[in-house]
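What follows draws every value from the coordinates through simple rules; no lab data is involved. What you are looking at is a predicted structure, and each value in this text was computed from that prediction instead of being measured. Note: ideal-geometry Cβ built from the backbone for every residue, glycine included; neighbour counts use all protein chains shown.
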Amino acid sequence: MKQYEAVIETLDRLGGMATLGDLNTEVFKIKECEWKTKTPFASIRRIVQQTKGIYKIKPGLYGLEKYKKQIEDKGFLVETEVNRNSESLVKSNHAYYQGLLLIIGKYRNMNTFIPNQDKNKKFYDGRALRELSTLSEQPHYSYAQLVNRSATIDTIWFNERNMPHSFFEVEYSTDIQNSLLKFNDLQDFYVRMIIVADARRKLEFENKLYYHAFDELRKGRRVTFLSYQALVKQYEMELERQSLDFIL
């Protein structure tokens, strides 16, 4: 079996769509295919980008053309100028990137939390986000009003002492200013604060950060912008790292 055939078969086995990271994990289970290259991950990336019958759904997520209608019925659409603000695309994108953050956090031995309103949202593989998070509620890490303030943050990583390590706000179409207001209220904690959004919104993020209300966040370099593409790359790197027999 040729390598591109193994990738197609793996996509088929995974329901017609998969992340590049999941393909890298599952494709080697097909014993009829040999991977003699020293960089199989790069080979898989090349295959999904160049093989007829495979299409890119969103950064890091690929599907088989023959399942395109079923994939679209689940809300996983290829973004266009016409549909980019549609309710189904907004929901699927938001849940997809939240899911990646939850998976990375778990691999890094963090406890992970998502707000109640997002617990039943679906990751691309059908799992509810509550199945990917490790906490059903936030630890009582501070005064009630502060814990309540962080209760709607899209994804939180907590360390082994049950203190917040990272706050992530996934901004697809909502106003970045609202997330900065949350971060501003929680700035007294030693915690990373990250806006996750399309790279095209970085200028908007930088402009909002220059509002006088966010002087302390800006001057203290408390908030970081992370593009979707960079998040997906880190997810793939984390999965590749986990596949190693020994990690330094």
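Before moving on, here are some points about what is shown:
- Segment 154-159 - phi-based ³J(HN,Hα) in whole Hz, Karplus 6.51/-1.76/1.60, Gly and Pro as x: 4, 8, 10, 9, 10, 7
- Candidate lysines for bridging to K56, where Cα separation is under 17 Å - those fewer than 8 sequence places away on the same chain excluded: K66, K68, K69, K74, K233
- Alpha carbon convex hull of segment 31-138, projected area averaged over orientations, nm²: 9.2
- Mean residue ellipticity, 222 nm, helices only, the chain: the sum of -39500 (n - 2.57) across DSSP H runs of n ≥ 4, divided by residue count and rounded to 500, is -12000 deg cm²/dmol.
- Rg/Rg_ref, segment 1-61, where Rg_ref = 2.2 N^0.38 Å and atoms are Cα: 0.99
- Ordering Y172, L203, L146 by Cα displacement along the dipole of segment 120-229 toward the positive end leaves L203 in first place; charges were set at the Cβ atoms of Lys, Arg (+1) and Asp, Glu (-1).
- Segment 130-248 - charge dipole about Cα centre, Lys and Arg +1 at Cβ, Asp and Glu -1, debye rounded to 20: 360
- Cα gyration tensor, segment 142-248 - rounded (a/c under 1.5), prolate or oblate: oblate
- Amide proton proximity set for G16, modelled H, under 5 Å, gap of 5+: none
- Estimated FRET transfer efficiency (T25, K56; beta-carbon r; R0 25 Å; 0.05): 0.85
- Net charge dipole, the chain: roughly 380 debye, given to the nearest 20, about the Cα centre with Cβ charges of +1 for Lys and Arg and -1 for Asp and Glu.
- Each residue of segment 26-38 was assigned a 3J(HN,Hα) from its phi angle through the Karplus expression (A = 6.51, B = -1.76, C = 1.60, θ = phi - 60°), giving 8, 5, 6, 6, 7, 6, 6, 10, 9, 10, 8, 5, 7 Hz with x at Gly and Pro.
- For K91, the aspartates and glutamates whose Cα comes closer than 12 Å to its Cα, not counting residues fewer than 8 places off in the same chain, are D118, E171.
- FRET efficiency, 1/(1 + (r/R0)^6) with R0 41 Å, evaluated for K91 and A42 via beta carbons: 0.80
- Projected label points at Q117 and S173, each 7 Å from Cα along the beta carbon direction, are separated by 1.5 nanometres.
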